[in-house]
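**Q** I'd like to ask some things about the structure below.
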Amino acid sequence: MKIWLDGKLVEQEEAKTSVFDHGTLYGDGIFEGIRFYNKRVFRLEDHMDRLYNCAHYLLLDIPYTQEELSNAVCETVAASGLNDGYIRLVGTRGAGEPGGIIADKISLYDPDVYENGLALITSSVRRNRPDTVCPQVKSLNYLNNILAKMEAVRQGAAEALMLNDLGNVAECTGDNIFIVKDGTVFTPPVTDGCLDGITRRVVLEICRELQIPAQEKTMNRFTITCADECFLTGTAAECVPVTKLDGYQLGSGKIGPVTARILARFQELAQTTGTSC
Ligand code: PMP
């Protein structure tokens with residue numbers, strides 16, 4: 001596999017960083033997870049905008065223009081020889097190693113959960129407060145999320161719901177959360193402590209297109225347990241239905257009709273749009 005590192009494609013064995021790298025020492029860096037379908041990169045510009053905004057917030061200097069880095073993503077996808085896959089773009093404050101791009105295959109959840117839904121638990125680990133490392137920053141500081149995910153796995157669940165410091169719903173460890181109640185789609189606002197997910201944006205666009213009412217709303221655990229339908233969104237996860245929270249059955253306990261419509265349209269967009277490489 002070829003990895004793009006500091007301006008050129010190198011073999012996997014050569015793609016190494018220094019032990020002095022600030023990404024390793026302090027988690028001082030940023031990343032993006034991007035999908036490509038049929039050799040087309042899905043929402044490349046949105047991912048690049050988010051990367052550069054996060055770098056700006058962390059006062060991290062990216063020594064490439066957005067266009068140069070977008071071209072590097074395409075170059076890496078072309079070199080991978082894959083039609084479909086996942087790109088991991090990493091940038092650190094470095095010790096001379098500003099960043100790399102990896103394009104590989106991915107499958108996050110068991111295929112069965114896309115048919116039958118996934119079970120969540122509520123994690124005892126809270127999402128960061130916005131006045132610490134702001135959750136809108138896709139930084140290399142993922143320890144809270146990793147602890148929460150391990151808590152879920154220990155309890156036999158695939159993902160964990162993370163609350164913010166007020167006890168309101170923020171998101172899951174690697175995905176945004178949506179519910180459907182009485183025909184309206186709800187998701188927490190980013191100010192409640194979630195990442196401004198690109199897939200979340202796509203779902204809100206789909207709702208407008210399909211004329212499904214959608215709203216950003218503060219929610220707590222009660223709101224989720226009483227939902228008619230629930231699903232998660234993320235680049236790696238795509239759109240995945242949720243049928244259980246902490247052992248409560250959500251709605252009918254099966255993938256709901258609104259979720260199914262949104263999922264189908266998402267798959268269509270993913271397969272037919274994007275930046276060609
Ligand atoms: N929340 C968190 C914490 C994430 O890490 C991610 C990305 N894996 C998401 C939400 C989903 O964001 P996106 O749709 O941009 O991948």
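**Q** What number of residues in region 181-213 are among the hydrophobic types (A, V, I, L, M, F, W, C) and over 20 Å from the mean Cα position of the chain (by Cα)?
**A** Number of matching residues: 2.
**Q** Follow-up question, since we're still on this one. Go through region 113-167 and count every residue that is more than 12 Å from the ligand (Cβ to nearest atom), basic (Lys, Arg), touching a residue at least 24 places away in the same chain (Cβ under 8 Å) and part of a helix (DSSP H, G or I).
**A** 0
**Q** Related question: Mind listing whichever residues of region 115-142 are open to solvent by 60 Å² or more (accessible area, probe 1.4 Å) and more than 30 Å from LEU9 (Cβ to Cβ)?
**A** Across region 115-142, the qualifying residues are GLU115, ASN116, SER124, ARG126, ARG129, PRO130, ASP131, THR132, GLN136.
**Q** Could you tell me which numbered condition CYS277 fails, if it satisfies all but one of (1) away from the ligand (no atom under 16 Å from the Cβ); (2) at pLDDT 95 or above?
**A** (2)
**Q** Keeping to region 2-40, report how many residues are in a loop (DSSP other than H, G, I, E, B), surrounded by 15 or more Cβ atoms within 10 Å (Cβ to Cβ) and touching a helix residue (DSSP H, G or I) at 6+ places or on another chain (Cβ under 8 Å).
**A** The number of residues fulfilling the criteria is 3.
**Q** Among the residues of region 233-250 satisfying the criterion of being under 19 Å from THR184 (Cβ atoms) and of a type in the set (Val, Ile, Thr), which is farthest from the ligand (Cβ to nearest atom)?
**A** VAL242
**Q** Looking only at region 252-273, which residues are part of a loop (DSSP other than H, G, I, E, B) and touching a residue at least 60 places away in the same chain (Cβ under 8 Å)?
**A** Residues satisfying the conditions are GLY253, LYS254, ILE255, GLY256, THR273.
**Q** For region 191-232, which positions are open to solvent by less than 60 Å² (accessible area, probe 1.4 Å) and within 10 Å of the ligand (Cβ to nearest atom)?
**A** Scanning region 191-232 gives GLY193, CYS194, LEU195, ASP196, GLY197, ILE198, THR199, ARG200, VAL202, VAL203, LEU232.
**Q** Would a scan of region 41-58 turn up a residue that is open to solvent by 50 Å² or more (accessible area, probe 1.4 Å), basic (Lys, Arg) and either away from the ligand (no atom under 16 Å from the Cβ) or within 20 Å of GLY174 (Cβ to Cβ) (or both)?
**A** Yes: one or more hits.
**Q** If you don't mind, there's one more thing I want to ask. Give the number of residues within region 55-112 that are closer than 15 Å to SER276 by Cα, in a helix (DSSP H, G or I) and of a type in the set (Asp, Glu).
**A** Summing the residues that are closer than 15 Å to SER276 by Cα, in a helix (DSSP H, G or I) and of a type in the set (Asp, Glu) in region 55-112 gives 2.
**Q** Just the residues that are within 9 Å of the ligand (Cβ to nearest atom), part of a strand (DSSP E or B) and polar (S, T, N, Q), please, taken from region 172-190.
**A** ASN176
The values are calculated or read from the model by the stated rules, or taken from the named source; none is laboratory data. For clarity, every value in this text was computed on a predicted model and none was experimentally measured. Neighbour counts are summed over all protein chains in view; Cβ atoms, including those assigned to glycine, are modelled from backbone coordinates with ideal geometry. Just the protein is used for accessible areas: all its heavy atoms, side chains included, with ligands, DNA and RNA removed. Shrake-Rupley method; radii C 1.70, N 1.55, O 1.52, S 1.80 Å.
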